[in-house]
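Engineer: Handing you a structure now.
Values in this text are rule-based calculations from the coordinates and carry no lab data. Keep in mind it's a predicted model, so treat the numbers as computed, not measured. Glycine gets a Cβ as well: all are built from the backbone with ideal geometry, and neighbour counts include every protein chain shown.
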Amino acid sequence: MVILAKSHTQEGIPVSANLLQLGFYKDFESMEQRLFLNFRVNDCARRLVVGRAFPLSQVDEHVEFTTSTVRELTGKDRATTTEVLDAVRRVGELLPAEAGPAIRFQYAGHPDEKLVVAMEPITIPETDARVYVFYVIGEGDLHAYGAYPECPWDGDEKFVYRVARK
């Protein structure tokens, strides 16, 4: 469940924060069962979950998250993965990788909405050290794709990230 928490400004960027529960799934089996039964998951995201490519929090935690476009974060019409993640770190924090599936479970989304999770990188040694990011798309998709540091992002792409802790 996502609860609209509050609105404020962080480094000149309007922030409307939502709450996200991390640590709800303590094991991958229960996550997989619900994820694959209820949502459309692309092959890459499926491999990351089935392959246990990221840790799951063993402690329940509610974190505030928000979204901003690449343009809002960087002031540019096009920015690289490195530039976007650096900008997120200036105004907030990267989410852990488990936030991708967690947002998919808890955030209903809108039919045409696509959110890119600004998250701690997932690397898989046998895949040429590619970094992966989760996308939460529309009302029912979870995708993952490679995002090298120099990959370009359009200014209108929306990234979701953790609101800076006070």
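Engineer: Listed highest first by mean packing, meaning other Cβ atoms within 10 Å per residue, what order do 64-71, 143-150 come in?
Structural biologist: 64-71, 143-150
Engineer: Could you work out, for segment 41-166, what percent of all Cα-Cα pairs fall into each 5 Å distance bin, beginning at 0 Å and stopping at the bin that holds the largest distance?
Structural biologist: Cα pair-distance distribution for segment 41-166, in percent: 2, 11, 22, 24, 22, 14, 5, 0.
Engineer: Can you tell me, using C-alpha contacts under 8 Å and at least 6 residues apart, the relative contact order of segment 37-154 as a whole percent?
Structural biologist: 33
Engineer: Turning to a different aspect of this structure: With each pseudo-label sitting 7 Å past Cα toward Cβ, what's the Lys76-Glu120 distance in nm, one decimal?
Structural biologist: For the pair Lys76/Glu120, the computed spacing is 2.6 nm.
Engineer: Cut-off under 14 Å on the C-alpha distance; same-chain residues fewer than 8 positions from Lys26 excluded. Which aspartates and glutamates are left, in chain and number order?
Structural biologist: Asp60, Glu61, Glu98
Engineer: Amide H to amide H, which residues 5 or more places from Ile124 or on other chains are under 5 Å from it, using H placed in the peptide plane?
Structural biologist: Under 5 Å from the amide H of Ile124: Ala129, Arg130.
Engineer: Name the long-range amide H neighbours of Leu19: under 5 Å, sequence gap of 5 or more, or other chain; modelled H, no Pro or chain starts.
Structural biologist: Those lying under 5 Å, H to H, from Leu19 are Ile3, Ala5, Phe65.
Engineer: Using θ = phi - 60° and the Karplus relation 6.51 cos²θ - 1.76 cosθ + 1.60, list the HN-Hα couplings for segment 60-66 in order, rounded to whole Hz, with x at every Gly or Pro.
Structural biologist: Karplus-based 3J(HN,Hα) across segment 60-66 equals 5, 8, 9, 10, 7, 10, 8 Hz.
Engineer: Here is a further query. Excluding residues fewer than 8 places away in the same chain, name every one of the aspartates and glutamates whose C-alpha is closer than 13 Å to that of Lys114.
Structural biologist: Glu139, Asp141, Asp154, Asp156, Glu157
Engineer: Going by average Cβ density within 10 Å per residue, which order do the peptides 44-57, 91-104 take, highest to lowest?
Structural biologist: Result, highest mean first: 91-104, 44-57.
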